[in-house]
Every structure is written in C-alpha cells, then in structure tokens.
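In what follows, a single structure is set out as structure tokens and then discussed.
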Amino acid sequence: MKLELLSTLNAERAARRAVIVVTNVESGEQRLVTAADVAADPLKDVLEERLRSGKSGMIEAEGARLFLTVYVPPPRLVVIGAVHISQALAPIARLLGYDVTIVDPRTAFATAERFPDVSVIAEWPDVALPPLGIDHYTAFVALTHDPKIDDPALLHAIERECFYIGALGSKKTHARRIERLKAKGATDADLSRIHAPIGLDIGAVSPPEIAVAIMGEITAARRLEGGRRR
C-alpha cells in the first residue's frame, strides 16, 4: 500500500469515518473510497452494501476481480436513563459488539453495581455527552421519561447525526416531545429521525422484551437500506 493511501486510511479511521480500500487483485492497483465519496463512485451500490454489512470480500466489477477491504468504526450505544430496560439492553448490546455507555444524573440509579462491565456516567446530558464524541456510528436511546433529561440529550443526538435515535413513550408522549423540541429549534426533518414509540412492534411488555425490540430496531437501522420503515 502506498504511503499516501495508508496515511489517508489511518486518518479516516482515527476520525471514526468508514473507508473502503479497493484492490485490483490482478494488477495490484489500489484506491481508497471514503464514506463521503461512496455516492459518487462507480461501485456505489456494492460499496453501500459493504458499508452496511461491514464485511470485506471479493467482487467482479469494472471488468476485473476486486477485493474490497472494509473499515467501519466499531458501533457505540449511548443510553440515557439507568432504568430497568437499560439493565437488559446493555448486555444484549455488548453481545452484539457495541461499546455501551449509560448516562443518568440520578446517582441512585447510575451505579456500577446495577451496570457491571458498562461505562456509567452520573451527570446531566449537557455535561456527559460532549466529551463522548458521539457520531454517525452511535445508536442513541432516551429512556428516562423525564423531559429535563431526555430532551437535551435527543437534541445532541440529532446534531451529531447518530445512525439511530430512539425515545421511550407513547404516541401522545412523543407528540408533546415533538412540540417541546420544535420550540428549541428542531426541524421536522430532525424530528422524523426519532424512533418513537421506540423498538420493533413485537408486542413487548417486560423490560427484557422491550430491550430486545429496541436492539432489533437498532440492528435494522444499521444493517438494512433505509432502516426499518414505519
């Protein structure tokens, strides 16, 4: 790999941006395609599919055999609310390879004892979230039912373009949430990105079942083109 290409690759990975190295296995020629450049690339469709799957592999295109080496940042899950659903959600997410962080200013709930092996931050979102470097490869879930905690957190997730944003609550609760967020400057396009009521519609009742529904919806958003359509 040429030094210039390697330098760009390392820079993209350090910035948590996806990138694909396209190698012609016959000529040895290589080129690098950043996530920002995929839409204009001749291999757009296959590159987008590879970014969704995160899998490298051989293809035949452009009259040649090409090997696609895919570098996708490891996914993260940020959960607002150290609640019962979060206790079930965190281990499921870890099994699926997510780096999990729980944020809740209520110190009685945000404890290491309730969330073993998970990063727990007992601070308000405006303090806890900026240092986390939340980005497009972050799934973001708001579960407290408390507007003082959830609303600023959701605005931060929208601003950081998380690939998934979900919020607990009924349709009526979400309608009130939308009005509050609009009053704080959120647009209709911003608000349409929030999955609420949260989770796949599987009839979930208990906290573990709701956690499964949430993780299923996050997986669909990550792996399927356009995510799950409501």
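Read-outs throughout are calculated quantities, based only on the coordinates presented, and are distinct from any laboratory measurement. In this text, all values refer to a predicted model and were calculated from it rather than measured experimentally. Cβ: placed from backbone, ideal geometry, glycine included. Neighbour counts: every protein chain shown.
Between the helical axis of 147-159 and the dominant principal axis of the chain, each derived from Cα atoms, what acute angle in degrees is found, rounded to the nearest 10? Tilt of helix 147-159: around 10 degrees. Within a straight-line Cα-Cα reach of under 21 Å, LYS148 can be paired with the following lysines, leaving aside sequence neighbours fewer than 8 residues apart in one chain: LYS171, LYS172, LYS182, LYS184.
In whole angstrom, the chain maps to an equivalent ellipsoid with semi-axes of 36, 18, 17, each derived as √(5λ) from the alpha carbon gyration tensor and ordered largest first. Other residues within the sphere of radius under 15 Å centred on the Cβ of GLU179, judged by their own Cβ, net out at +3 (K and R +1, D and E -1).
Helix 84-95 axis versus longest C-alpha principal axis of the chain: approximately 20°, rounded to the nearest ten.
Computed extension length for ASP126-ASP41: 26.8 nm, one decimal, from 0.36 nm per residue of separation with the Cα-Cα distance subtracted. Residues whose amide H lies under 5 Å from that of SER119, counting only those 5 or more places away or on a different chain, are VAL100, ILE102; hydrogens are built 1.01 Å from N in the peptide plane. Under a model in which nothing but the beta-carbon of Lys, Arg (+1) and Asp, Glu (-1) is charged, the chain shows a dipole of about 520 debye around its Cα centre.
Mean residue ellipticity, 222 nm, helices only, the chain: the sum of -39500 (n - 2.57) across DSSP H runs of n ≥ 4, divided by residue count and rounded to 500, is -11000 deg cm²/dmol. Where does helix 207-223 land angle-wise versus the long Cα axis of the chain, in degrees 0 to 90, nearest 10? Approximately 30 degrees, to the nearest ten. Only the Cβ atoms of Lys and Arg (+1) and of Asp and Glu (-1) were treated as charged; on that basis the dipole of segment 1-107 about its Cα centre amounts to roughly 500 debye. Over segment 83-230, Cα pairs under 8 Å with separation of 6+ residues give a relative contact order of 21 percent. A Förster distance of 45 Å, applied to the separation of the beta-carbon atoms of SER27 and ARG180, puts the FRET efficiency at 0.20. Of all beta bridges that DSSP places with both ends in the chain, some 45 percent have antiparallel geometry. Under 1.5 on a/c is rounded, so check that first for segment 137-187, then, if it is not, pick prolate when a/b is larger than b/c and oblate when it is not; a ≥ b ≥ c are the square roots of the alpha carbon gyration tensor eigenvalues. Since a/c reaches 1.5 but b/c is at least a/b, the shape of segment 137-187 is classed as oblate. In straight-distance terms, cross-link reach from LYS2 covers every one of the lysines whose alpha-carbon lies under 16 Å from its own, apart from those fewer than eight places away in the same chain; here that gives an empty set.
Charge tally around GLY97: other residues with Cβ under 13 Å, Lys/Arg +1 each, Asp/Glu -1 each, net +3.
Subtract the Cα-Cα distance of GLU4 and THR111 from 0.36 nm times their separation in residues, and report this length gain in nm to one decimal. Taking GLU4 through THR111 to full extension adds about 33.9 nm, to one decimal.
Put +1 on the Cβ of every Lys and Arg and -1 on every Asp and Glu Cβ in segment 3-71; which of ALA39, SER7, SER27 then has its Cα farthest towards the positive end of the dipole? Checked the options; the winner is SER7.
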